[in-house]
Each structure stands twice: as structure tokens, then as C-alpha cells.
Amino acid sequence: MDRVRIGLVGFGTVGGSFYRLLTANAGEFERRLGVAVDVPWLAVRDASRPRNVAPGTRVVQGWQAILDDNDLPIVVELAGGAEAPLPLVREALSRGKHVITANKALLSAHGRELLALAAENGVELKFEAAVCGGIPIIKVLSESLLGNRVRSIVGIVNGTTNYILTRMTEERLSFAEALAEAQKKGFAEADPTLDVSGGDAAQKIGLLGSLAFGCWIDPACVLTEGITTVEQKDIEFCQASGFQIKLVAQARLMDGVPLVTVFPALVPLDHPLAGVRNEFNGVLVDSDYLGPSMYEGRGAGGNPTASSVASDLGDLLKGILSKQVRRPFAGALPLAAAFPQGRMRSRYYFHFVTANRPGIWALVTGVCAETGINIESVHQKWEDKSKPSDLYVLVDEAEESQVRLAFSRITAAEGIRPASHYLRIVPSPAGGR
Ligand code: NDP
Ligand code: HSE
């Protein structure tokens, strides 16, 4: 039986699950690939804490022992952080070791350099676990759809925010209660601001878009909005109007140029993403020969993510055993141009919080008319004349620049409260309503 030694960095939610998977399913690697996987080194931040590992695994502080081990061809980085593991990954690739990572923050910030470094050194940088947890979406884009041109990717790619929005919708939990649950279940990032601000989803959709379109999407070019402005009132109104609110990540080719966005949006109930609940993720890919195809599964949590790390490990083992260096899918990628965000088109939902006095409807409808925005419907809810009321306006497809102008004019007017906001509406996949 062949034996391959790997170095594991990180023993938290994902690292711990991955180690347990290797132990529990060692027989699967042996049966399917004819190889035994040994983990001689486990690197953590604090090696003094007891860890439940087999006697053959030495727990060490920091990763130098892994880098210095010349009989160890694979490093698995599950520590996290955009900057801290950069020296580890650079050094491992430079020393001819393959690297598997689940770290989208690192890849988003440095992936272009690291993929090129891997290619230069004839090794692989694998990252299935970095996007959508257990869904094999990287494999779909880099292998299964290799013969297609991808036109668009529309997805729910963050498990924490989908969990929060689902719990707010179905159980009427507060945002804080739902976030605390997501953290307890191990879905959230060490700093959950990354999840709720849309940053984590932006890192992931940037990576998916880069693979799909063959050009590196600069994270700074991703329009990124989080879910902290979404209120229970929005969820209730939108549900009654036939929509679910979801954090939607999109990468589309517009006139041949990528438009990449992350924002909370109204998703019509007949859209495949509307039924993606809790920490599940879903990705709808539209490509020229296959057409639309949908991928769904658990997008966060230790075990699903460990499953993707194991898939990358299996791929590397096959290459190592057959002594083949696989040609990297993404080596030196050119930088992508960015489609102007102001030219993006969509239907929109406005929620104005307003004083209860004559002239508010006239103000809103007047500014929409002046800015060329066609109103579909207006609904007002007020409980009591002394309290602000909620004015919900759905409008026909318009350009983002028109909507920003109208919104800023309306919210600058007397009688409109700062809590006012707007969301975009995702079209049904068939292009209908
Ligand atoms: P955790 O915070 O649960 O675990 C991090 C682990 O890394 C800990 O064991 C920690 O050591 C170790 N570590 C941190 N810094 C260092 C260092 N400098 N040297 C050695 N070890 C270090 O994180 P997660 O498991 O949740 O996440 C890990 C990675 O996986 C992140 O990149 C994350 O974005 C990604 N990911 C997470 C998913 C999830 O659902 N949680 C899903 C998909 C990807 P110690 O135990 O001593 O503190
Ligand atoms: N925090 C991330 C999420 C983990 O909630 O999706 C999976 O990448």
C-alpha cells in the first residue's frame, strides 16, 4: 500500500472535521485509491491545549516543521485569515509542495499571485472548500463545464447570512438571535462582520467569476452590500408580495465584461434560489451549451467543508500516485475589466420611512417621474398618525444610476427618515416576472 504524508494547519471547525473524516474514512482512500494518508504534523496556534489526535500526529505551534519536512508533498491550510497564512502558502508552493486551502479571504487577496506561483513550481493550489462549503462548484466550473462559455453565475454563497435570513423569515427571530445561532453552529467566520457585510460572499463570487471568465476579478470591483439593513418589515412585506429576501451574489458577462455584485435582493418564489434555506448554498450557472444548471448543498459547517477538502486531497493523491503533474486550470490570469455598476439594470423595491403628512406620495412619485423611473405599485402602512409610516414602492426595470439619483433626492427631502433603503429584484430565470 502506498502511503502519502500530509501536514495539517488548523484544528478548528473545518480542520477538526477534516481530521476526523481522514480517521473515520481512511478505508475509503485505501479502497478507492490504494493509498493510506498519514498526518504526522498538526499545526495550531496554541499547542498547549489538548487535541484529540492519534499517537502518530504531533501537535506543534506554527507551521515550520511542516515546511521543513521534505517527505511531505501536501500542506492543508485550514487556519484562516487573509494575511497570516500567506507566508506558509508561498513557502510551501515555492518548496514544491501542493497546497489545499479553504481560505477564500487569502485567495481573494492573493490568489492571482499564488496560482501563478503554483504553476511556476509545477504544483497545485486547490480550493474547492473555499467556495460554497460542500458543493463541488469549483470542479463544476473548472472541469465539468470546461467546454462551455459561462454567461452568468447567480448564487447564494454565504451560509451564515442565508441561515440568518431564513430564521428571520420562518421563525421571526431577530437578526442578533439568528447570528448567534449561526456562530454557535460553526457557520460564521472568526469575524462575522465578513459574513453579514457581504465581504465573504464577495470573495467567493470573485473567485467563481475569475474561474468562469478566465480573468482575475479584482475584489475592489465587486459591488458589495450586506444584510444589516434588512428589517423584519421588509421580510414580511416581500413575502406577502411573492418574494424571499436572500443575499445574492452574481457574476455576469455584460457586453463581454464582468459585472460582479453581492447584495440582499428580492428573489421571486419561482426562482430556484428562493427555496435554498438555512446554511445551504445554491448556485445557478448559465452556460452556452448546457444552459442553466443548478448546484445546491450545505455551504458552511465543518463536515460539509471537510468533504470538499477531502475531494481536493483525492485529486492530488491521484496525480502524485500516477506521477503526473496536472496542468493548472488557472495559472497567470489577466486582470478583468469591470462593467460600470451604474449601468446595471434591475427592478427595485424602495422602503421609505416617512412622516405622516400630505405630500409624501407626491414627492416620491414626482422624483420617480423626473428621473424616468416607472412605478409598478405603492403601498403604505401606518399604525398611528403620530408614528412614522412605511411606504413600499416597487418599480419597473431601471438603471442603477437613475435609482441612486432618485433615492438620494427623495431621502434628502424633509419628511423622509434616514432608515429608508432600497433593494434590487432578481428576475425569474426565464426572464419573466
Ligand atoms: P476556526 O477558527 O474554527 O479554526 C482555526 C484553526 O486554525 C484553529 O485550530 C487555530 O488554532 C488554527 N490557527 C489559527 N492561526 C494559526 C496559526 N498562525 N498557526 C497555526 N494554526 C493556526 O476556523 P474555521 O475552521 O471555521 O475556518 C478555517 C478556514 O476555513 C477559514 O479560512 C474559513 O474561512 C474557511 N471555511 C470555514 C467554513 C466554516 O463553515 N467554518 C466553511 C468554509 C471555509 P487554535 O486551535 O490553537 O486556536
Ligand atoms: N462563513 C462562511 C459562510 C463559511 O457562512 O458561508 C463558509 O465559507
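The listed residues are Ala82, Ala54, Ala102, Ala47, and the only one of them that is open to solvent by 30 Å² or more (accessible area, probe 1.4 Å) and within 16 Å of ligand 2 (Cβ to nearest atom) turns out to be Ala82. The condition of being open to solvent by 10 Å² or more (accessible area, probe 1.4 Å), at negative phi, hydrophobic (A, V, I, L, M, F, W, C) and away from ligand 1 (no atom under 16 Å from the Cβ) holds for only one of Ala180, Ala212, Ala190, that being Ala212. How many residues are over 23 Å from Tyr422 (Cα atoms) and open to solvent by 20 Å² or more (accessible area, probe 1.4 Å) if we restrict to region 255-271? Number of matching residues: 3. Can you list the helices (runs of 4 or more DSSP H) lying wholly within region 64-129 that have 1 or more residues being of a type in the set (Phe, Trp, Tyr) and over 19 Å from Val39 (Cβ atoms)? Filter on region 64-129 gives an empty set. Checking each residue in region 378-433 for being assigned to a strand (DSSP E or B), more than 19 Å from Phe263 (Cα to Cα) and not hydroxyl-bearing (Ser, Thr, Tyr) picks out Val378, His379, Gln380, Lys381, Asp390, Leu391, Ile416.
Filtering region 279-295 to residues that are within 16 Å of ligand 1 (Cβ to nearest atom) and open to solvent by 40 Å² or more (accessible area, probe 1.4 Å) leaves Phe280, Tyr295.
Can you find a residue that is in a helix (DSSP H, G or I) and either without any contact (Cβ under 8 Å) to a residue 12 or more places away in the chain or more than 14 Å from ligand 1 (Cβ to nearest atom) (or both) anywhere in region 1-19?
The answer is no, given that none of the residues of region 1-19 is in a helix (DSSP H, G or I) and either without any contact (Cβ under 8 Å) to a residue 12 or more places away in the chain or more than 14 Å from ligand 1 (Cβ to nearest atom) (or both).
Counting only helices (runs of 4 or more DSSP H) that sit wholly inside region 171-237, those with at least 2 residues that are away from ligand 2 (no atom under 16 Å from the Cβ) and without any contact (Cβ under 8 Å) to a residue 12 or more places away in the chain are 175-184. Restricting region 142-170 to residues that are in contact (Cβ under 8 Å) with a residue 40 or more places away in the chain and small (Gly, Ala, Ser) leaves a set whose member that is most open to solvent (accessible area, probe 1.4 Å) is Gly147.
Taking the listed residues Gly56, Gly80, the one that is out of contact with any strand residue (DSSP E or B) (no Cβ under 9 Å at 6 or more places or on another chain) and either away from ligand 1 (no atom under 13 Å from the Cβ) or in the same structural domain as Leu114 (by TED's automatic domain parsing) (or both) is Gly80, with no other qualifying. For Gly27, the conditions (1) away from ligand 2 (no atom under 16 Å from the Cβ); (2) open to solvent by less than 30 Å² (accessible area, probe 1.4 Å); (3) of a type outside the set (S, T, N, Q) all hold with the exception of (2). Going by the structure shown, is Leu114 in contact (Cβ under 8 Å) with a residue 12 or more places away in the chain, open to solvent by less than 10 Å² (accessible area, probe 1.4 Å) and not β-branched (Val, Ile, Thr)? The answer is yes for Leu114. In the set (1) outside any strand (DSSP E or B); (2) crowded, with 20+ Cβ neighbours inside 10 Å; (3) within 16 Å of ligand 1 (Cβ to nearest atom), the condition left unmet by Ser311 is number (2).
The values are calculated or read from the model by the stated rules, or taken from the named source; none is laboratory data. Everything numeric in this text was worked out from a predicted model, so none of it was measured. Ideal geometry is used to build each Cβ from the backbone, glycine not excepted, and the neighbour counts take in all protein chains shown. Accessible surface is based on the protein model in full, side chains and every heavy atom, while ligands, DNA and RNA are left aside. Shrake-Rupley method; radii C 1.70, N 1.55, O 1.52, S 1.80 Å.
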